[in-house]
């Protein structure tokens, strides 16, 4: 099996959208996906792109993607956040995920980022073991807080 | 006591830096702060600013700040991340923190953000209770992963 990793282009967003939906379906939350292909093109390829992607391509087919963007730490400065890394189900186990992961880390390294950050499900032991094996640290005493759109609306309008 | 909340300007970054350092000193990690006033000005006020701030001003003195920026969710789209919210020690308990918090949420609401996200220390029960009282959700099954600069360098160069 041979694949290449390259930066995602506008024309790839249809396939990136398929991968996003495939993962949401697998997680049994397909209705949670509100983003559309049009949004991805608008938000990722405007004058101020809100994210970048790498895609894994095999025989001209997109079989995986990583979506990432910059954040900012008040202590460290420029930080890269890996938002999502998806490999289509029947192409897992061939090193595509690791190749995408490395590409994002290499991008961050070349950028001079002070840190790369992402979230992991706490029960996903395989993922956590893999991340640790590459030198990453799983923070034990921080939790993620979300103010959802509906709750934000309630808070502001009340 | 009367204060105003306004968007932070270049000229405020010296005071914002003082607040960042005050917090780091309180957390007994002053040496972890690598960012300088020059970095804040460069990164926050260039053609593509990496963050925005609100500052709380009382009698022409900056007594608090919130630093935030946009992120991107593959499911929801545009998201606002609240990176840090700091009120100088002797001005806590007067509602300045809540006013800064509200300002960031209002900014996200006006932007049409689909979610506001931040991290909290899991033992900080007061903060968690406050966030929940405003409608926020503390995610129970996600953990934050950091690849630090030194480990990133090791991973890429090995």
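Any read-out appearing in this document is the output of simple, stated calculations on the displayed coordinates, not a laboratory observation. None of these values were measured; they are calculated from a predicted model. Reconstructed Cβ throughout: ideal geometry from the backbone, glycine too, with neighbour counts over all protein chains shown.
If I model a spin label as a point 7 Å beyond the Cα along the Cα-Cβ vector, how far apart are those points for residue B:58 and residue B:9 in nm?
Once both label points are built, they end up 2.2 nm from each other.
With no solvent and one equal point scatterer placed on each C-alpha of the protein assembly as shown, evaluate the Debye formula and give log10 I(q)/I(0) for q = 0.11, 0.12, 0.15 Å⁻¹, two decimals.
-0.72, -0.86, -1.34
From the helices alone, meaning DSSP H stretches of at least four residues, give me the mean residue ellipticity at 222 nm for the protein assembly as shown, per-run term -39500 (n - 2.57), in deg cm²/dmol to the nearest 500. Intermediate values should be presented prior to the final figure.
Values: 10 runs with 112 residues, N = 316.
My calculation for the protein assembly as shown gives -11000 deg cm²/dmol from helical runs alone.
Would you mind calculating the gained length between residue B:156 and residue B:18 on full extension (0.36 nm times residue separation, minus the Cα-Cα distance), in nm to one decimal?
Values: separation 138, 0.36 × 138 = 49.68 nm, distance 3.42 nm.
Difference between extended and current length: 46.3 nm.
Say R0 is 45 Å: what FRET efficiency, to the nearest 0.05, do residue A:1 and residue B:142 get from their beta-carbon distance? Intermediate values should be presented prior to the final figure.
Working: r = 32 Å, r/R0 = 0.71.
FRET efficiency, residue A:1 to residue B:142: 0.90.
What is the gain in length, in nm to one decimal, between residue A:130 and residue A:48 on full extension, counting 0.36 nm per residue of separation less the C-alpha to C-alpha distance? Please list the in-between numbers first.
Numbers: separation 82, 0.36 × 82 = 29.52 nm, distance 3.32 nm.
Length difference between fully extended and current span is 26.2 nm.
Determine the distance separating the Cα centre of region B:37-62 from the Cα centre of region A:10-40; give it in Å without decimals.
Cα centroid of region B:37-62 versus Cα centroid of region A:10-40: 35 Å apart.
Which whole number gives the average, over all residues in A:102-109, of C-beta atoms from other chains lying within 10 Å of the residue C-beta? It would help to have the intermediate numbers written out before the result.
Values: counts 2, 0, 1, 5, 3, 0, 4, 7.
Across the residues of A:102-109, the mean count of other-chain Cβ atoms within 10 Å is 3.
How many nm is it between the label spots at residue A:123 and residue A:38, if each spot is 7 Å from the Cα in line with the beta carbon?
About 3.7 nm, to one decimal.
May I ask you to sort A:5, A:86, B:156 by Cβ crowding, counting other Cβ atoms within 10 Å and putting the fewest first? Walk me through the numbers on the way to the answer.
Working: A:5 18, A:86 24, B:156 14.
By the 10 Å Cβ count, ascending: B:156, A:5, A:86.
Put a label point 7 Å from Cα along the Cβ direction on residue A:21, then list its distances to the equivalent points in the other copies in nm, shortest first.
List, nearest first: 5.4 nm.
How many angstrom separate the Cα center of region B:100-158 from the Cα center of region A:90-121?
That distance is 21 Å.
Viscosity 1.002 mPa s, temperature 20 °C: what is the translational diffusion coefficient of chain A from Stokes-Einstein with a Kirkwood Rh over Cα pairs, rounded to a whole number of µm²/s? Provide the component values of the computation, followed by the final result.
Working: Rh = 17.2 Å.
Estimated via Stokes-Einstein, D reaches 125 µm²/s.
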